[in-house]
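Working notes for the structure below.
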């Protein structure tokens, strides 16, 4: 989302599209030149437009570097492309970039729940509002060609004398998410609609490439306990992090993935639209196996549930709003487990808006005492996260 935000901001939300006037014109479909601004995405750009990239500018029939919009082109980063209409009747710019290298399944976009839409909208608008005065900011589901997309609109009031609008699109294709942002003066929003639709009608996206399952790395999680974690995940200790191929990426303390001093091991998925984590801790003490089994009967669970949930709710007081809490019998690595499941609303942070999360705590008796495994996930991203969570839990070897 941060790279998508960078593209939005590069689209000059709140900046003028003033360039030297050119003769008014209107493009037909035959006037479009199909270009590939970023790998995996091609788009038809009308003849007569200018591009900030030298090669793209020449492909549009402009022999020289576009000096007309030099100030705007300085906003464009090396992994983004910008195209500008200099027609004074239709002032508009189009910015294209890869938002991140993790594609969302198109079915997830197509079937996004109201909660997912609200979360994504909140995150996008929260970040933009940190830098701009906005009148409106929203996100909705649309279909571009055969591709589902998140589409949004931002109206900025940074400069009351020169208000601007941006139409945002976030699509999945190839090996990542792509952002297309149309920026224009607010006064030109209505007249730009047909041109935007015509350009989007030329969009071609590579199919989403399904990534092969990540290699699993066996790690020591507690005395005598091993677990396998996908490469690309990160660990809360440097040695495990190196084995996961993340030696250059130190854990981000702002995300609070590694703030549990009682954990013997912690692992988390840093990819966008994921955010799941697994922490392991243990208590070294003798365990009565028969007594533990009796504690997992339905009657025993019902009796202990108020106390178990009360303790956890108290521990979360001020940190999250608990929506539900339940206890049930389960298993891990063939051993009986007492499972506590809490669903809560997490407060907004610099990284995420207010969001619903699930915390699953599993207590398992083993040869060294009691093993505790905590699984944190966000239900709206379950289609992307559940596979890795299941693979990790199924890989535990507990003596």
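So, residue 269, is that one in contact with a helix residue (DSSP H, G or I) (Cβ under 8 Å, 6 or more places away or on another chain), at pLDDT 90 or above and within 20 Å of residue 373 (Cβ to Cβ) or not?
yes
Any idea which residue in region 91-108 is modelled with the highest pLDDT, counting only those that are within 15 Å of the chain's Cα centre (by Cα) and surrounded by 21 or more Cβ atoms within 10 Å (Cβ to Cβ)?
My answer is 98.
Restricting attention to region 172-182, which residues are within 23 Å of residue 156 (Cα to Cα) and under 15 Å from the mean Cα position of the chain (by Cα)?
Result: 178, 179.
If you go through region 295-321 one residue at a time, how many are under 35 Å from the mean Cα position of the chain (by Cα), exposed (fewer than 14 other Cβ atoms within 10 Å of the Cβ) and not in a loop (DSSP other than H, G, I, E, B)?
Final tally of qualifying residues: 4.
Hey, among 284, 277, 331, 324, which residue is touching a strand residue (DSSP E or B) at 6+ places or on another chain (Cβ under 6 Å) and surrounded by 14 or more Cβ atoms within 10 Å (Cβ to Cβ)?
That would be 277, the only listed residue that is touching a strand residue (DSSP E or B) at 6+ places or on another chain (Cβ under 6 Å) and surrounded by 14 or more Cβ atoms within 10 Å (Cβ to Cβ).
For region 353-384, enumerate the residues that are within 17 Å of the chain's Cα centre (by Cα), under 24 Å from residue 262 (Cβ atoms) and outside any strand (DSSP E or B).
378
Could you say which residue among 127, 138 is within 27 Å of residue 356 (Cα to Cα), at pLDDT below 85, assigned to a strand (DSSP E or B) and in contact with a helix residue (DSSP H, G or I) (Cβ under 8 Å, 6 or more places away or on another chain)?
Only one candidate passes the filter, namely 138.
Any residue at all in region 22-30 that is at pLDDT below 75, in contact with a strand residue (DSSP E or B) (Cβ under 6 Å, 6 or more places away or on another chain) and more than 30 Å from residue 209 (Cβ to Cβ)?
Yes, some residue in region 22-30 is at pLDDT below 75, in contact with a strand residue (DSSP E or B) (Cβ under 6 Å, 6 or more places away or on another chain) and more than 30 Å from residue 209 (Cβ to Cβ).
The values are calculated or read from the model by the stated rules, or taken from the named source; none is laboratory data. Computed from a predicted model, the values in this text were never measured in an experiment. Methodologically, a virtual Cβ is constructed for each residue, glycine included, from the backbone with ideal geometry; neighbour enumeration extends over all protein chains shown.
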